[in-house]
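**Q** Here it is, the structure, as structure tokens.
Values quoted throughout were computed directly from the atomic coordinates according to the rules given, and no laboratory measurement underlies them. What you see is a predicted model, and the numbers here were worked out from it, not measured in a lab. Note: ideal-geometry Cβ built from the backbone for every residue, glycine included; neighbour counts use all protein chains shown.
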Amino acid sequence: MKIDILTLFPEMFAPLRESILGRAQKQGKLKINIVNIRDYTLDKHLKCDDYPFGGGAGMVMLPQPIGDAIDALDPEHKARRIYLSPKGETLVQQKVFELVECEHLILLCGHYEGVDQRIIDLFIDEEISIGDYVLTGGELPAMVLVDCVARYVDGVLNTSSLVDESFSDGLLEYPQYTRPQVYRGLEVPEVLRSGNHAAVDKWRREQAEIITAKKRPDLLKR
Ligand code: 4GT
């Protein structure tokens with residue numbers, strides 16, 4: 001999978017080079033291309049934003065550099081083009097499964113008051129929000145989206161870690177324990193050390209149901 005990320009702040013994306021996503025890129029399983037929108041401006045002062053028509057606070061990102069960047073990256077409109085925005089549909093696991101099927105994603109990150117509406121009207125397939133709160137830019141939401149989609153790209157994760165995780169069966173995940181057997185007086189549940197795999201599976205399923213009913217009863221109703 002190839003993901004182009006368009007931003008005025010390319011240095012914000014350093015975290016994507018770490019850990020599991022960093023390894024996936026080195027192994028060639030995932031290509032993340034951070035694109036500086038400023039590289040596409042035709043303005044002699046490299047200006048990429050301006051005052052809003054109609055007045056009001058803040059700056060709006062100019063359409064020219066963004067439109068030219070998208071034309072250069074995806075001339076035949078084969079990519080899924082996403083604008084991260086609080087106005088978008090809220091990201092849920094179902095959408096993640098849909099996006100992982102795409103060969104090429106383009107993620108546009110707004111900053112300040114966002115992008116000129118004509119960019120959304122002319123170039124964007126879909127707006128996605130990561131939740132009902134406001135941020136200074138779309139960069140963190142883009143990283144959230146990349147992280148949760150990349151986990152399902154073939155070879156990025158050990159597939160067994162995807163089987164039992166939260167939401168995979170509509171439930172929150174069961175509790176995990178590692179060594180030591182007793183930590184500050186709290187013991188690891190006996191069944192997990194019994195070696196009885198059927199009993200372990202049954203206990204984990206029950207715990208997942210108990211935790212989901214207690215913390216997220218709304219998930220059981222869906
Ligand atoms: C929140 C979200 C988002 C922002 C979200 C355009 C300029 C939007 C600033 C940007 N805030 N983007 N994607 N909840 N702020 O997903």
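**Q** So what does log10 I(q)/I(0) come out to for region 69-112 at q = 0.33 Å⁻¹, using the Debye formula with one equal point on every Cα and no solvent?
**A** These q points yield log10 I(q)/I(0) values of -1.20.
**Q** Could you state the number of Å between the C-alpha centres of region 81-142 and region 150-199?
**A** The two parts, judged by their Cα centres, are 32 Å apart.
**Q** Please give the net charge around residue 153, taking every other residue with its beta carbon less than 13 angstrom from that of residue 153, where Lys and Arg add +1 and Asp and Glu add -1.
**A** Here the charged neighbours net out to +1.
**Q** Rounded to the nearest 0.05, what FRET efficiency do residue 72 and residue 190 have when you use their Cβ-Cβ distance and R0 = 41 Å?
**A** That gives a FRET efficiency of 0.10.
**Q** While we're looking at this one, here's another question. What lysines sit close enough to residue 215 to cross-link, taking a C-alpha to C-alpha distance under 22 Å and skipping anything fewer than 8 places away on the same chain?
**A** Residue 215 reaches 202.
**Q** With a cut-off of 8 Å between alpha carbons and a minimum separation of six or more residues, what is the relative contact order of region 104-202 in percent?
**A** Relative contact order of region 104-202: 17 percent.
**Q** For helix 63-73, what angle does its Cα long axis make with the longest principal axis of the chain, in degrees from 0 to 90 and rounded to 10?
**A** The answer is roughly 60 degrees.
**Q** Under a Cβ-Cβ cut-off of 11 Å, what is the net charge of the residues other than residue 23 that fall near it, where Lys and Arg count +1 and Asp and Glu count -1?
**A** Around residue 23, the surrounding residues sum to +2.
**Q** Please list, in chain and number order, the residues 5+ apart from residue 127 or on another chain whose amide H is under 5 Å from its amide H, with Hs placed from the backbone.
**A** 83, 89
**Q** Would you please give the residues with an amide H less than 5 Å from that of residue 5, counting only those at least 5 places away or on a separate chain, with H modeled from the backbone geometry?
**A** 33, 34, 35, 107
**Q** Bin all alpha-carbon pair distances of region 9-121 at 5 Å intervals from 0 and give each bin's fraction as a whole percent.
**A** 2, 9, 16, 21, 21, 15, 9, 4, 1, 0
**Q** At most 11 other Cβ atoms within 10 Å plus a DSSP loop assignment makes a site exposed; report the longest stretch of the chain without any exposed chymotrypsin sites (Phe, Trp or Tyr not before Pro).
**A** 134-222
**Q** Binning every alpha carbon pair distance of the chain at 10 Å from zero, what are the percents per bin?
**A** The calculated distribution, bin by bin, is 7, 26, 28, 19, 12, 6, 2, 0.
**Q** Which one of 186, 167, 196 is farthest out on the positive end of the charge dipole of region 157-209, using unit charges on Cβ (Lys, Arg +1; Asp, Glu -1) and the Cα centre as origin?
**A** The one lying farthest along the dipole's positive direction is 186.
**Q** Could you tell me which residue out of 16, 77, 54 lies farthest along the dipole of region 1-142 toward its positive end? Charges go on the beta carbon: Lys and Arg +1, Asp and Glu -1, centred on the Cα centre.
**A** Looking along the dipole axis, the top candidate is 16.
**Q** Going 7 Å from the Cα of residue 42 toward and past its Cβ, which residues in region 57-95 have a backbone nitrogen under 14 Å from where you end up?
**A** Flagged as within label range: 63-72.
**Q** Now, a different point. Please list, ordered by chain and number, the residues whose modelled amide H lies under 5 Å from the amide H of residue 173; skip anything fewer than 5 residues away on the same chain.
**A** It is 166, 167, by chain and number.
**Q** Tell me the label-point distance for the pair residue 17, residue 134, using the 7 Å Cα-to-Cβ offset, in nm and rounded to one decimal.
**A** So the label points at residue 17 and residue 134 sit 3.3 nm apart.
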